[in-house]
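S.K.: Mind having a look at this structure? Questions to follow.
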Amino acid sequence: MPVWDEFLTPRDRRVFGGSGYGARAGFGERPVVLVIDVNYNFVGDRPEPIEESIKRWRSSCGEEGWRAAGHIARLLDAARSQGIPVIYSTGVDARSDGFDRGRWLDKSSRAREDFTVHRDNGNTIIPPIQPRPEDIVIAKSKPSVFFGSLLASFLVDLQADSIIACGTTTGGCVRATVIDGFSYNYRMAVVEECTFDRGQASHAINLFDMQQKYADVVGLEETLEYLRTLPRGLFDARMPAYAR
């Protein structure tokens with residue numbers, strides 16, 4: 001049963017079932033893996049229930065984020081074994097005066113903690129899935145990894161045709177990135193077990209909506225099997241020599 005099933009009304013089922021949405025687009029031929037914002041700010045410094053974690057890390061998704069990180073590690077191992085490029089995103093360290101936070105300051109009564117608390121390590125990608133030297137790491141200030149970054153140019157240089165996305169939050173940065181990637185005509189896949197949100201309803205409904213319109217929501221095992229079918233060395237001409 002899909003994670004979103006319990007949130008759908010009978011009317012929703014009739015409307016989406018009858019309108020043709022939710023068709024399978026399929027994986028591409030030259031994918032990259034994109035890991036979105038799996039840093040201490042979004043999972044805390046240790047696995048613990050979210051209601052405990054947010055006391056110290058206001059944006060934390062708690063233990064569900066750490067659980068997803070274990071699945072992400074498997075995804076990264078499979079991608080690297082096939083020479084598939086891995087790209088990460090994380091946040092930009094805020095200025096001490098908070099000016100660069102923009103409208104983020106308007107939407108949380110605790111937003112100023114971003115430039116007073118955990119400034120030294122909040123945007124650090126957590127050790128279980130930390131980047132390797134050959135990986136690309138993009139620092140961003142807004143939800144989409146595409147916004148104001150070099151992601152699109154990296155994808156052009158790699159001659160990528162598709163993105164396998166994971167990370168957090170499902171309804172925020174993952175969704176924003178998926179919609180932008182879709183808008184650039186990349187085939188988008190979201191790996192369900194590797195994606196997480198602080199809100200259960202938000203996670204489920206955003207997966208549903210992306211599946212209907214912008215991406216294929218896929219299982220980890222299916223994704224691993226797909227990666228194993230790709231020819232080794234697909235990106236050798238586009239990757240640094242030490243990444244091969």
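S.K.: Of everything in segment 82-99 that's surrounded by fewer than 13 Cβ atoms within 10 Å (Cβ to Cβ) and in contact (Cβ under 8 Å) with a residue 12 or more places away in the chain, which residue is nearest to the chain's Cα centre (by Cα)? Show your work before the answer.
M.R.: Within segment 82-99, the subset surrounded by fewer than 13 Cβ atoms within 10 Å (Cβ to Cβ) is 95-97, 99.
Keeping just the survivors that are in contact (Cβ under 8 Å) with a residue 12 or more places away in the chain gives 95-97.
Numbers: Arg95: 25, Ser96: 27, Asp97: 28 Å.
Filtering first and then ranking leaves Arg95.
S.K.: Within segment 6-34, track down each residue that is within 22 Å of the chain's Cα centre (by Cα) and more than 30 Å from Gly83 (Cα to Cα).
M.R.: Taking segment 6-34 as the starting set, the residues that turn out to be within 22 Å of the chain's Cα centre (by Cα) are 22-34.
Gly22 - this is the single residue of segment 6-34 that is within 22 Å of the chain's Cα centre (by Cα) and more than 30 Å from Gly83 (Cα to Cα).
S.K.: Can you find, within segment 157-180, the residue that is surrounded by the most Cβ atoms within 10 Å (Cβ to Cβ) among those that are in contact with an Asp or Glu (Cβ under 9 Å, 6 or more places away or on another chain) and not in a strand (DSSP E or B)?
M.R.: Of all residues in segment 157-180, those in contact with an Asp or Glu (Cβ under 9 Å, 6 or more places away or on another chain) come to 161-162, 166-175.
Now drop any that are not not in a strand (DSSP E or B), which leaves 161, 169-175.
On the way: Asp161: 15, Thr169: 24, Thr170: 28, Gly171: 21, Gly172: 20, Cys173: 22, Val174: 30, Arg175: 25.
Selected residue: Val174.
S.K.: Sticking with this one: With modelled with pLDDT of 95 or more, crowded, with 19+ Cβ neighbours inside 10 Å and small (Gly, Ala, Ser) as the only criterion, which of Gly28, Gly70, Gly44 stands out? Quick ask: steps written out before the conclusion?
M.R.: Numbers: Gly28 fails: crowded, with 19+ Cβ neighbours inside 10 Å; Gly70 fails: crowded, with 19+ Cβ neighbours inside 10 Å.
That would be Gly44, the only listed residue that is modelled with pLDDT of 95 or more, crowded, with 19+ Cβ neighbours inside 10 Å and small (Gly, Ala, Ser).
S.K.: Then there's this: For segment 112-139, give me each residue that is touching a helix residue (DSSP H, G or I) at 6+ places or on another chain (Cβ under 7 Å), part of a loop (DSSP other than H, G, I, E, B) and buried (at least 17 other Cβ atoms within 10 Å of the Cβ).
M.R.: Of everything in segment 112-139, those that are touching a helix residue (DSSP H, G or I) at 6+ places or on another chain (Cβ under 7 Å), part of a loop (DSSP other than H, G, I, E, B) and buried (at least 17 other Cβ atoms within 10 Å of the Cβ) turn out to be His118, Gly122, Asn123, Ile126.
S.K.: Looking only at segment 174-193, filter to residues that are hydrophobic (A, V, I, L, M, F, W, C) and in contact with a Gly (Cβ under 7 Å, 6 or more places away or on another chain); which one of those is farthest from Glu51 (Cα to Cα)? Before the answer, list the steps.
M.R.: We begin by selecting, within segment 174-193, every residue hydrophobic (A, V, I, L, M, F, W, C); these are 174, 176, 178-179, 182, 188-191.
Next, from what is left, pick out any that are in contact with a Gly (Cβ under 7 Å, 6 or more places away or on another chain): 174, 188.
Values: Val174: 22, Met188: 32 Å.
Filtering first and then ranking leaves Met188.
S.K.: Next up: Would you confirm, using the coordinates I've provided, whether Ser153 is among the polar types (S, T, N, Q), touching a Pro at 6+ places or on another chain (Cβ under 8 Å) and over 20 Å from Gly65 (Cα atoms)? Give the steps one after another, and end with the answer.
M.R.: Values: among the polar types (S, T, N, Q): yes; touching a Pro at 6+ places or on another chain (Cβ under 8 Å): no; over 20 Å from Gly65 (Cα atoms): yes.
Spelling it out, it is not the case that Ser153 is among the polar types (S, T, N, Q), touching a Pro at 6+ places or on another chain (Cβ under 8 Å) and over 20 Å from Gly65 (Cα atoms).
S.K.: Residues of segment 182-209 being part of a strand (DSSP E or B) and basic (Lys, Arg), which ones? Steps first, please.
M.R.: So the first thing to find is which residues in segment 182-209 are part of a strand (DSSP E or B), and the list is 187-196.
Hit for segment 182-209 is Arg187, nothing else.
S.K.: Are any residues in segment 210-226 assigned to a helix (DSSP H, G or I) and buried (at least 20 other Cβ atoms within 10 Å of the Cβ), and if so, which ones? So that I can check it myself, show each step before the final result.
M.R.: Quick first cut of segment 210-226, residues assigned to a helix (DSSP H, G or I) only: 210-213, 220-226.
Selection gives Met210, Gln211, Thr223.
S.K.: Now for a separate question. Can you tell me which residue among Gly167, Gly181 is in contact with a strand residue (DSSP E or B) (Cβ under 7 Å, 6 or more places away or on another chain) and at positive phi?
M.R.: Gly167
S.K.: What's the number of the condition Pro143 fails, among (1) at pLDDT below 95; (2) assigned to a loop (DSSP other than H, G, I, E, B)?
M.R.: Only one criterion is unmet by Pro143, namely (1).
The values are calculated or read from the model by the stated rules, or taken from the named source; none is laboratory data. What you are looking at is a predicted structure, and each value in this text was computed from that prediction instead of being measured. All Cβ positions, even for glycine, are placed from backbone atoms using ideal geometry, and neighbour counts span all protein chains on display.
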